[in-house]
Amino acid sequence: MTAEQMATSTAIIQVLEDDSSSNDQVKIVKITETSEQALPPKQPTERQASPSSKVLFLDGIRGTAVIFVVTQHCGYMHDIYMGAVGVDAFFVLSSFLLTMIFMKKSIKLFAEQASYRKWGYTLADYFSRRFLRVYPLFALLSIALWLMPFKYKYQFYRVKKPEDFNLFLTLIFHPEHRHYLMWTLPLEISYYFILPAFVLTVLKARRFWWMPFIPLCAWIIHEGLYTIRDNHIHQPLIKHLPTFIAGSMAAVLFVKFEAWRKATGFEFRAVHTVALRVIEAVLIAAYLSVSFRGLFFNWFGAPLPISTQYIMPFTSAKLSLLIVIEMIQPSTVSLIFEWVVLRYMGKISFSVYLLHVFVIYIKPISSQHSYYDRTFSFFGLVILLATVSYHLVEYPSQLLAQRISRKFALLASLDHQKLVEESDTDTDSNDKHHAADVDAARLEKSFSHFRLLSKNRGRKDDSKLANSTATASA
């Protein structure tokens, strides 16, 4: 049997197990489809968006972001603050994924006119997932630091004085106790409470959803260019809120575009694809120039003076638009970030972020003279430590979140079924009342008809009696 007569194609379906900021729980189910005369296309075509390409490359971006963070803390490229670029990427990815997932759920609930109780179950599921995604590892880390002697607190998490570390205040994210890398977690958790309100506001606006986006875009650009941001412990959410909002706006644009494309049957033509690729190339050039503080700005002139190029460069708007473009029309860019190494780094990125200091600040490792020895030691041991942490802490927490989510889904379905049954009962009751009214009307009509017949018969009998009396008289 030749290849022209029989060809086997394998499709990989990616099923997301965890709608969290890290889409790392992916089941891969291989389905082998056999089709006759399945010849390859004669001309190469643009790579189509698939569920896997729409999700997996985001893990690759997250993996790249955590590599940036580790790189800066290791002392490499320390002059350009790549860690700040990586943190901004974390914020954008979290807000984009969570907004997209919550928005799709909300659209479904609005479509089925869900009860307030079902909305409550949905929100409880959302917050329980977010809590179990980030808090268990953070809590264990805080307890471990609390048990350590002071010199290790200072060595790994820059605690300056023994009295500066308070376990309870650390666990509740007190502004004065956000030690070193912990400063990002309260910002993310704070935005978790803003995100549902943002999504519901957009959906309630219906066809005017785009109107608030105009001032929001102007605000994001202004804040990104002219607000001083750094990555120290006292950073409030408001200074990083434009970064989160940029990711959420990108998610709304993607969901709205997908709905419009389904409704209209729109398909990308060559001119559309070329236009997207030109825009994407400009965005990539701008993103790299801002991240590395040069490149095209040095070659063609910087748009801002050096004094306004702050510690945390403004990258969120460019990254958000790049994600939207790759989501609606994937290219080689997303294929690069689907590389399994970057995806794995994205999978364990939370553990890498919180725990890498326990490797890179160990003196026997950091004091090695050979640059290559240090590099391989840093990344090899960090990946090993993060892998252990992921399987011992993160993965069990995600399994628990899934079990809780199934409980909430069951409660929501039971509530929906109860409402349907009550609706059916009301309908049956109304039908019974209507049938009784119809029967009563029919009975009344029959009695009226009977009375009319009786009256007519009485008149006829009276007429006959009168005639017979008249005849007798005659």
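The values are calculated or read from the model by the stated rules, or taken from the named source; none is laboratory data. Computed from a predicted structure; not experimentally measured. Counting neighbours? That spans all protein chains shown, and the Cβs are built from the backbone with ideal geometry, glycine included.
Which of the residues spanning region 349-404 are surrounded by fewer than 18 Cβ atoms within 10 Å (Cβ to Cβ) and in contact with a Gly (Cβ under 9 Å, 6 or more places away or on another chain)?
Scanning region 349-404 gives a single hit, Ser366.
Quick check on region 85-98. Is at least one of its residues more than 30 Å from Arg293 (Cα to Cα), part of a helix (DSSP H, G or I), in contact with a helix residue (DSSP H, G or I) (Cβ under 9 Å, 6 or more places away or on another chain) and of a type in the set (Val, Ile, Thr)?
The answer is no, given that none of the residues of region 85-98 is more than 30 Å from Arg293 (Cα to Cα), part of a helix (DSSP H, G or I), in contact with a helix residue (DSSP H, G or I) (Cβ under 9 Å, 6 or more places away or on another chain) and of a type in the set (Val, Ile, Thr).
Taking region 206-227 as the search range and keeping residues that are within 17 Å of Val252 (Cβ to Cβ), aromatic (Phe, Trp, Tyr) and assigned to a helix (DSSP H, G or I), which one is nearest to the chain's Cα centre (by Cα)?
So, considering only residues that are within 17 Å of Val252 (Cβ to Cβ), aromatic (Phe, Trp, Tyr) and assigned to a helix (DSSP H, G or I), the one nearest to the chain's Cα centre (by Cα) is Phe213.
Restricted to region 95-137, and to residues that are among the aliphatic types (A, V, I, L, M) and without any contact (Cβ under 8 Å) to a residue 24 or more places away in the chain, which residue is farthest from Ile61 (Cα to Cα)?
Ala111
Being among the aliphatic types (A, V, I, L, M) and either under 17 Å from Lys363 (Cα atoms) or at pLDDT below 95 (or both) is the filter here, so list the residues in region 149-167 that pass it.
Listed by number, the list holds a single entry, Val159.
If I filter region 117-126 for residues that are aliphatic (A, V, I, L, M) and either surrounded by 18 or more Cβ atoms within 10 Å (Cβ to Cβ) or within 30 Å of Met103 (Cα to Cα) (or both), do I get at least one hit?
yes
Can you find even one residue in region 135-145 that is surrounded by fewer than 20 Cβ atoms within 10 Å (Cβ to Cβ), farther than 30 Å from Ile362 by Cβ and in contact with a helix residue (DSSP H, G or I) (Cβ under 8 Å, 6 or more places away or on another chain)?
Within region 135-145, none of the residues are surrounded by fewer than 20 Cβ atoms within 10 Å (Cβ to Cβ), farther than 30 Å from Ile362 by Cβ and in contact with a helix residue (DSSP H, G or I) (Cβ under 8 Å, 6 or more places away or on another chain).
List, please: which pairs have Cβ atoms under 8 Å, are six or more places apart or on different chains, and start with a residue in region 194-213 that is at pLDDT below 95 and hydrophobic (A, V, I, L, M, F, W, C) and end with one that is surrounded by 11 or more Cβ atoms within 10 Å (Cβ to Cβ) and part of a loop (DSSP other than H, G, I, E, B)?
Ala205/Pro212; Met211/Ala205
On the basis of being touching a Leu at 6+ places or on another chain (Cβ under 8 Å) and under 30 Å from Phe127 (Cβ atoms), does Trp219 make the cut?
Spelling it out, it is not the case that Trp219 is touching a Leu at 6+ places or on another chain (Cβ under 8 Å) and under 30 Å from Phe127 (Cβ atoms).
What residue, of Tyr372, Tyr344, Tyr353, Tyr390, is modelled with pLDDT under 95, of a type in the set (Phe, Trp, Tyr) and either over 19 Å from Gly83 (Cβ atoms) or under 25 Å from the mean Cα position of the chain (by Cα) (or both)? Write out each step before concluding.
Values: Tyr344 fails: modelled with pLDDT under 95; Tyr353 fails: modelled with pLDDT under 95; Tyr390 fails: modelled with pLDDT under 95.
Sole residue among the options that is modelled with pLDDT under 95, of a type in the set (Phe, Trp, Tyr) and either over 19 Å from Gly83 (Cβ atoms) or under 25 Å from the mean Cα position of the chain (by Cα) (or both): Tyr372.
For region 385-406, name all the residues that are touching a helix residue (DSSP H, G or I) at 6+ places or on another chain (Cβ under 9 Å) and not polar (S, T, N, Q).
Within region 385-406, Leu385, Ala386, Val388, Tyr390, Val393, Glu394, Pro396, Leu400, Ala401, Ile404 meet the criteria.
Assess whether Phe156 counts as being in contact (Cβ under 8 Å) with a residue 60 or more places away in the chain, in a helix (DSSP H, G or I), of a type in the set (Phe, Trp, Tyr) and crowded, with 16+ Cβ neighbours inside 10 Å.
yes
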